[in-house]
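The values are calculated or read from the model by the stated rules, or taken from the named source; none is laboratory data. Here the structure is a predicted model, which means the values were calculated and not measured. Cβ sites come from the backbone with ideal geometry, for glycine too, and all protein chains shown count toward neighbours. Surface areas here come from the heavy atoms of the whole protein model, side chains and all, with no ligands, DNA or RNA. Shrake-Rupley method; radii C 1.70, N 1.55, O 1.52, S 1.80 Å.
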Amino acid sequence: MSERTSNRIFDIVNIACVTLFVLFCLAPFLHVIAVSLSSNRAITSGEVTIFPIEVNWNAYIQVFTNNAMIRSLIFTIILTVATTVLCMLFTIAAAYPLTKSKLKGRMLFMYVIIITMFFSGGIIPEYLLIRDLHMIDSVWSLILPGLVSPFNLIILISFFNNIPPSLEESAEIDGSSHFRTLMSIVLPLSMPVMATLALFYAVGRWNGFQDSLMYINNPDLYPLQLKLFQMVQNNMVSELTQMEGASRTALTPESLKAATVIFATVPILLVYPWLQKYFVSGVMLGAVKG
């Protein structure tokens, strides 16, 4: 068998494997879309797979005409943008000084940061701290506890260390301050890893609901994921009461839950294409050296 034929066979097998993997990843998402567009009869009878049955848009109409859901979407977008910006600012402010060997106690700071990746105080001490800081029912309780991710910080430190020191030395000879060197040289060269970390922070905040479940009681501050969680929980409680013979409670239609999932998922998916060109290179360039 010639080398050219072997390469063609390898390419065909590789493409087939990647295609199957993509289909396996897309199947659950396509199923949720199909459920959101199908009638309750088709859903309860188990006819829906990846194609909608008896197509109707009632679930999406209910979602988009629900003022509470739209308000939650707007709040979640604002919260995600604000959290991402603040997290990036503080991560940069922490990472850049830790790349300087002249910083006294640099290794001590690094050890303290690394320890927080493996040990934490726990949920109850964290809740007590937030309560004592009077941040219950405050948007700051959703931002401050996760302001700097140790994992993202280490990635950024590693990337900064890969920048040739001669560039910064040349800037210092020309009279540039550390802040100007950071803004004019380091950050423009760090766009791939910056975009990657921003995506990590944004996705983490968008998908988060546990902190809002513990700290937020005001419905006006409910993120979108908490709305979805409450919808699923209320439906489970309704089903349980019916099984136990209690008074019938209105169940949330499966199509409405699926439409809410799509409503909560699509906005963050739309961000990825804008950052895709930076994503892979950012992860690879920011990898920790061996």
Most fluctuating residue given options LEU199, LEU30, LEU213, as computed from a GNM of the chain linking Cα atoms under 10 Å: LEU30
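Subtract the Cα-Cα distance of VAL18 and TYR127 from 0.36 nm times their separation in residues, and report this length gain in nm to one decimal.
34.8 nm
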Pairwise centroid distance, computed over Cα atoms, of segment 172-204 with segment 86-114, Å: 14
Residue-span extension gain [THR49 to ALA93] - 0.36 nm each, minus C-alpha spacing: 11.0 nm
Sum of -39500 (n - 2.57) over DSSP H runs of 4+, divided by residues of the chain (222 nm, nearest 500): -21500 deg cm²/dmol
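At a 1.4 Å probe radius, carbon and sulfur cover how many percent of the accessible area of the chain? Please list the in-between numbers first.
Details: 12380 of 17930 Å².
Answer for the chain is 69 percent, counting heavy atoms of protein chains only.
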With DNA, RNA and ligands ignored, accessible area of ILE163 (1.4 Å probe; Å², nearest 10): 10
Separation of the ILE163 and VAL266 label points, Cα + 7 Å toward Cβ, nm: 3.9
Along principal axes, Cα extents of segment 48-109, largest first, whole Å: 68, 30, 14
In nm, spacing of pseudo-spin labels at ALA68 and TRP140 (7 Å Cα→C-beta vector): 2.8
Given charges at beta-carbon only (K, R positive; D, E negative), |dipole| of segment 82-197 in Debye: 200
Charge dipole (debye, nearest 20) of the chain; +1 at Cβ of Lys and Arg, -1 at Cβ of Asp and Glu: 400
Rg/Rh ratio calculated on Cα atoms of the chain (Kirkwood radius): 1.07
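What accessible area per residue comes out for the chain, rounded to a whole number of Å², with a 1.4 Å probe?
Numbers: 17930 Å² over 290 residues.
On a per-residue basis, 62 Å².
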DSSP-loop chymotrypsin sites (Phe, Trp or Tyr not before Pro) across segment 63-123, with at most 15 other Cβ within 10 angstrom: PHE118, PHE119
CYS17 accessible area, 1.4 Å probe, all protein chains in place, Å² to nearest 10: 80
Accessible-area value, ASP132, 1.4 Å probe, nucleic acids and ligands omitted, Å²: 100
Listed residue (ILE78, LEU144, LEU256) projecting farthest to the positive dipole end of the chain, Cβ model: LEU144
Span-like helix ranges in the chain, DSSP H, alpha carbon extent 27 angstrom or more, Kyte mean at least 1.0: 3-36, 67-95
Fully extended contour minus Cα-Cα distance, from SER184 to VAL85, at 0.36 nm per residue: 33.8 nm
Gaussian network model of the chain, springs between alpha carbon atoms under 10 Å - residue of SER176, SER72, SER45 with greatest fluctuation: SER45
